[in-house]
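Worksheet for the structure shown next.
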Amino acid sequence: MSVCVRCFVEFQLVLVGIVLLASSASKAAEPDPVERSVRVMINWDEQSLWRSQLMMRQRMKQPLNAAAVRKVLEDGVDHHARAGIDRLVYCAWARFESPVPGFKAAGYDARIREISPGFGALHDAGLDQVKILRDRCRQHGMQFLVCLRMNDRHGIARKAKFYVENPGLRLDGYPGALDYKHVRVRNKVVSFVAEVLERYDVDGIELDYMRWCHMFDSSEAEKNAPLLTDMTRKIRSLLDAAAKKRGRKKLLLSARIPQTLTECRRLGFDVKSWIQERLVDYICPSDFFFSDFNIAVDQYVSLCRGTDCKVYPTIHPLIQVNHPDNITRENCRALARGFYASGAAGVSTYNYQYNWRRWTGGTRGLVDGWPKTLGWLTELKDPQGDEARPRQYLFYPLWQIYSESGVAKAQRIAFERKDGAKGDVTEIRLFESNPRPARTLTMQFKSRGLSAGDRLTFQVNGHLIPRDSIARTFDADGQNAKEGRPCGPFHRYVFPLKHEWLKPGVNRFKVVLAHDSGQGEKLLTGFDFEVAVNPVAEKR
């Protein structure tokens with residue numbers, strides 16, 4: 001071999017070595033997804049992320065083989081990445097079964113083959129959705145966690161194998177649920193988590209206690225709280241061991257919990273211990289089904305102070321029981337503004353599929369909602385990003401009376417006519433006291449029980465709303481099922497607010513019957529409070 005050829009070969013080998021070393025260094029330098037800052041996260045159930053897309057392919061007679069289904073799943077993650085979603089959480093456990101085949105600690109919920117066309121082909125080919133989602137998330141630098149619905153009670157739960165075969169473990173009064181006072185029930189959860197960590201290099205585990213809240217009999221929940229805390233310690237230990245085994249600094253553990261500490265205490269969730277013992281890395285306070293604009297995020301933020309635990313309050317697409325519409329982009333902005341102003345690290349979402357009509361099959365959601373509405377979340381990543389954008393707060397009674405957690409959530413003003421001079425007060429959380437940028441604030445609400453001759457007066461934090469600024473109209477037909485939660489005839493009041501009347505956080509809105517006509521109904525009510533914020537161009 002000539003000297004020139006030898007030199008050329010040696011040069012090529014050195015060059016290849018440099019490239020390989022650079023590639024290795026680049027891979028080594030890639031940050032662990034767990035260390036990534038998270039602003040927006042999304043939680044998905046067993047099949048809603050892809051169901052509408054697969055059903056559409058079925059209707060269009062397009063291929064539903066393993067490769068096609070895999071591409072639908074990967075495309076879904078790609079859309080989330082483009083929208084800037086930082087953390088994707090997938091439910092791989094519900095009703096003590098898994099929609100993923102091959103687990104020893106959970107039976108295979110083969111319904112996924114019926115609900116999601118093409119999943120039979122996917123699973124028969126030896127593929128599973130957890131690995132596909134995890135790998136795609138890793139390509140985008142997104143966090144990927146596996147979620148467990150801790151006591152899901154959808155109707156099919158009563159046919160689940162573990163529930164059917166163990167009548168002695170059932171939670172009386174809650175069909176489909178199991179009683180976590182039994183060690184076999186708790187061990188089943190721990191075993192599944194251990195198997196997930198053995199099978200997949202995930203970024204963590206999310207325990208979803210909002211499906212369906214009750215782990216114990218109500219009379220035993222508070223005294224049984226230590227049982228859930230002990231189970232959480234075991235899961236934390238599994239995560240720490242898995243992180244050490246994989247050479248990672250840590251893996252995440254989170255809990256999706258009710259929106260108030262009162263609910264948590266009554267249900268046996270000792271969230272304070274979970275946080276102070278550093279068992280959980282983040283929590284997602286949430287109503288069972290609706291977005292609550294009055295959620296006291298600051299209570300949880302205070303609980304986390306001095307720890308690394310972060311708070312991600314939850315946005316749901318739905319407004320209230322029996323309301324036909326979804327929250328809007330303007331509503332999302334208002335929710336996020338309140339979350340951030342209260343100290344939240346970011347925003348969580350749940351049941352997001354209600355935003356696209358192809359999934360619901362009815363009139364709820366947008367015809368072009370997928371993946372368009374994922375873009376709504378993009379602007380929520382910036383805590384200051386909504387300053388110059390319109391936003392709307394909805395302070396509605398979420399439930400008729402009691403929510404699924406067992407706590408009353410029916411915000412309204414109500415007083416008897418004879419007590420009209422005393423009136424009633426409700427609280428609304430607003431963070432609109434800053435005069436800049438210039439904007440208008442308009443409040444409205446509905447009232448029932450009044451006669452034409454009655455007159456109400458309103459106060460916000462003690463400031464009387466000028467009478468000449470109040471517009472009142474009467475809707476004699478009431479509200480039908482297409483307009484909102486059905487109700488009879490009502491008066492609507494609309495009036496401007498001034499930012500200087502408001503406090504950051506809780507604001508007291510008082511209604512008084514200033515003039516009693518002696519007619520109308522005995523009980524007067526006020527409900528469906530709204531505050532619209534619209535920026536205006538400042539004069540130069």
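The values are calculated or read from the model by the stated rules, or taken from the named source; none is laboratory data. Since the model is a prediction, treat every value here as computed from it, not as a measurement. Note that we place each Cβ from the backbone using ideal geometry, even for glycine, and neighbour counts take in every protein chain shown.
Observations
- The single condition among (1) in contact (Cβ under 8 Å) with a residue 40 or more places away in the chain; (2) closer than 23 Å to I315 by Cβ; (3) aromatic (F, W, Y) that F415 does not satisfy is (2).
- Among the residues of region 499-540, those that are part of a strand (DSSP E or B) and at positive phi comprise G505, D528.
- Taking each residue of region 81-103 that is more than 21 Å from R153 (Cα to Cα) and looking for partners that are in a helix (DSSP H, G or I) and of a type in the set (V, I, T) with beta-carbon atoms closer than 6 Å, six or more apart or interchain, yields A83/T378; G84/T378.
- Looking only at residues of region 357-410 that are touching a Cys at 6+ places or on another chain (Cβ under 8 Å), surrounded by 17 or more Cβ atoms within 10 Å (Cβ to Cβ) and not assigned by TED's automatic domain parsing to the domain that holds E330, we find that the one that is nearest to G268 (Cα to Cα) is S405.
- Test set (1) at pLDDT below 95; (2) of a type in the set (D, E); (3) closer than 20 Å to L133 by Cβ - E10 fails condition number: (3)
- Filter pass, P101 being assigned to a loop (DSSP other than H, G, I, E, B) and modelled with pLDDT under 95: no
- Taking first residues from region 269-296 that are on the phi > 0 side of the Ramachandran plot and partners that are charged (D, E, K, R) and assigned to a strand (DSSP E or B), no Cβ contact under 8 Å between residues at least 6 apart in sequence or on separate chains turns up.
- Only residues that are part of a loop (DSSP other than H, G, I, E, B) and touching a His at 6+ places or on another chain (Cβ under 9 Å) were counted across region 162-179, and they come to 6.
- Any chance S37 is at pLDDT 75 or above, surrounded by fewer than 18 Cβ atoms within 10 Å (Cβ to Cβ), of a type in the set (G, A, S) and outside the structural domain of K250 (by TED's automatic domain parsing): yes
- Elements of type helices (runs of 4 or more DSSP H) in region 246-331, at least 1 residues being closer than 28 Å to G375 by Cβ: 297-304
- Search result, residues across region 421-461 that are among the acidic types (D, E) and buried (at least 20 other Cβ atoms within 10 Å of the Cβ): E432, D454
- Residue in region 286-301 that is of a type in the set (S, T, N, Q), modelled with pLDDT of 95 or more, touching a helix residue (DSSP H, G or I) at 6+ places or on another chain (Cβ under 7 Å) and crowded, with 20+ Cβ neighbours inside 10 Å present: yes
- Counting the residues of region 30-70 that are among the charged types (D, E, K, R) and either more than 24 Å from T349 (Cα to Cα) or assigned to a helix (DSSP H, G or I) (or both) gives 7.
- Candidates S237, S219: the one that is hydroxyl-bearing (S, T, Y), more than 24 Å from the chain's Cα centre (by Cα) and part of a loop (DSSP other than H, G, I, E, B) is S219.
- When D270, D281, D230, D287 are screened for being in contact with a His (Cβ under 9 Å, 6 or more places away or on another chain), acidic (D, E) and either within 26 Å of R305 (Cβ to Cβ) or outside the structural domain of H154 (by TED's automatic domain parsing) (or both), only D287 passes.
- Taking the criterion of being assigned to a helix (DSSP H, G or I) and surrounded by 17 or more Cβ atoms within 10 Å (Cβ to Cβ), the only residue of region 152-161 that qualifies is A157.
- Flag if G84 is in contact with a Ser or Thr (Cβ under 7 Å, 6 or more places away or on another chain), in a loop (DSSP other than H, G, I, E, B) and surrounded by fewer than 23 Cβ atoms within 10 Å (Cβ to Cβ): yes
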